[in-house]
Amino acid sequence: MRTLFHMPLDPASRMIRLILAEKGLPIELVEKRPWDDEEGSITAVNPAGTIPVLIDEPPTGGEIAISPASTIIEYLDEAYSNAPLLPSTSAARAEARRISAWFLDKFDNEVSDFTLRERVHKRLMRLGQPDYEKLKHGGEALVWHLDYAAWLLDQRHWLACERLTIADFAAAAQLSALDYIDLVPWEKFPAVKDWYARLKSRPSMRTILRDRIEGLPPPAHYDNPDF
């Protein structure tokens with residue numbers, strides 16, 4: 001059985017779950033917290049000790065453990081060519097990869113590290129209250145990134161081009177996790193809100209939007225496709 005080591009609100013894990021769902025690939029989800037891996041189950045399949053990790057039986061046979069998220073994305077689109085999530089031209093593929101990396105890396109470092117991890121990971125690790133200076137810093141960075149996303153959407157129908165790509169799922173994974181903690185100022189960015197509403201309506205988003213953290217409920221609009 002195909003298995004994904006993940007955490008429910010981890011954006012990179014969410015992106016892989018979205019891609020698997022878009023391709024119609026069944027998956028067994030196994031929640032693993034990297035800071036609580038005493039038995040070494042994560043490092044046994046990924047020496048870096050990070051999630052997500054995909055364990056798959058590829059069409060060529062055998063079993064393979066794949067990480068990090070950027071490698072899993074490329075693997076899935078190469079190994080399972082149905083519902084391709086990269087454009088047909090080399091220039092458009094480069095742009096989709098660029099924006100996907102933007103959200104997986106730059107957005108993660110500048111926004112999620114200061115907000116999502118402060119609000120959620122600290123709670124899970126029992127490390128006390130979040131640092132509100134970090135939350136403020138991350139919230140300010142979020143506005144800058146949303147402004148950039150709005151600019152992209154002013155040029156094209158989806159973030160990278162005129163069709164849905166890995167770039168959209170990278171962004172949706174980040175923003176859906178932040179929306180769980182009610183941090184995204186949707187009303188200030190109507191173009192981004194409309195784009196996200198299109199994604200929320202896709203079947204692949206349904207299991208993502210059912211995620212819950214005990215003792216930390218999401219806002220009422222969180223799993224409503226119409227906000």
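The values are calculated or read from the model by the stated rules, or taken from the named source; none is laboratory data. Quick caveat: nothing in here was measured; it's all calculated off a predicted structure. Because the Cβ atoms are built from the backbone with ideal geometry, glycine has one as well, and the counts that use them run over all protein chains shown. When the accessible area is computed, the model is the full protein with side chains, heavy atoms only, and any ligands, DNA or RNA have been set aside. Shrake-Rupley method; radii C 1.70, N 1.55, O 1.52, S 1.80 Å.
Residue-wise test of (1) surrounded by fewer than 19 Cβ atoms within 10 Å (Cβ to Cβ); (2) touching a Leu at 6+ places or on another chain (Cβ under 6 Å); (3) modelled with pLDDT of 95 or more.
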| residue | (1), (2), (3) |
| --- | --- |
| Val120 | no, yes, no |
| Gly128 | yes, no, no |
| His137 | yes, no, yes |
| Thr165 | no, yes, yes |
| Ala170 | no, yes, yes |
| Asp179 | no, no, yes |
| Pro185 | yes, no, yes |
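I'd like to check something: does the range 144-154 contain any residue that is in contact (Cβ under 8 Å) with a residue 40 or more places away in the chain, in contact with a helix residue (DSSP H, G or I) (Cβ under 6 Å, 6 or more places away or on another chain) and closer than 21 Å to Pro68 by Cα? No, the conditions are met nowhere in the range 144-154.
Do we find that Ala94 is at pLDDT 95 or above, under 18 Å from Thr165 (Cα atoms) and exposed (fewer than 15 other Cβ atoms within 10 Å of the Cβ) in this structure? Yes. Screening Ile64 with (1) among the β-branched types (Val, Ile, Thr); (2) buried (at least 17 other Cβ atoms within 10 Å of the Cβ); (3) more than 17 Å from the chain's Cα centre (by Cα) gives one miss only, at (2).
Within the range 101-121, can one find any residue that is of a type in the set (Val, Ile, Thr), more than 15 Å from Arg17 (Cα to Cα), in contact with a His (Cβ under 7 Å, 6 or more places away or on another chain) and assigned to a loop (DSSP other than H, G, I, E, B)? Checked against the condition, which is being of a type in the set (Val, Ile, Thr), more than 15 Å from Arg17 (Cα to Cα), in contact with a His (Cβ under 7 Å, 6 or more places away or on another chain) and assigned to a loop (DSSP other than H, G, I, E, B), the range 101-121 yields at least one hit. Pairs are defined by a Cβ separation below 6 Å, a sequence spacing of at least 6 or placement on different chains, a first member in the range 110-127 that is in contact (Cβ under 8 Å) with a residue 40 or more places away in the chain and closer than 16 Å to Pro217 by Cα, and a second member that is among the acidic types (Asp, Glu) and open to solvent by 30 Å² or more (accessible area, probe 1.4 Å); no pair meets this definition.
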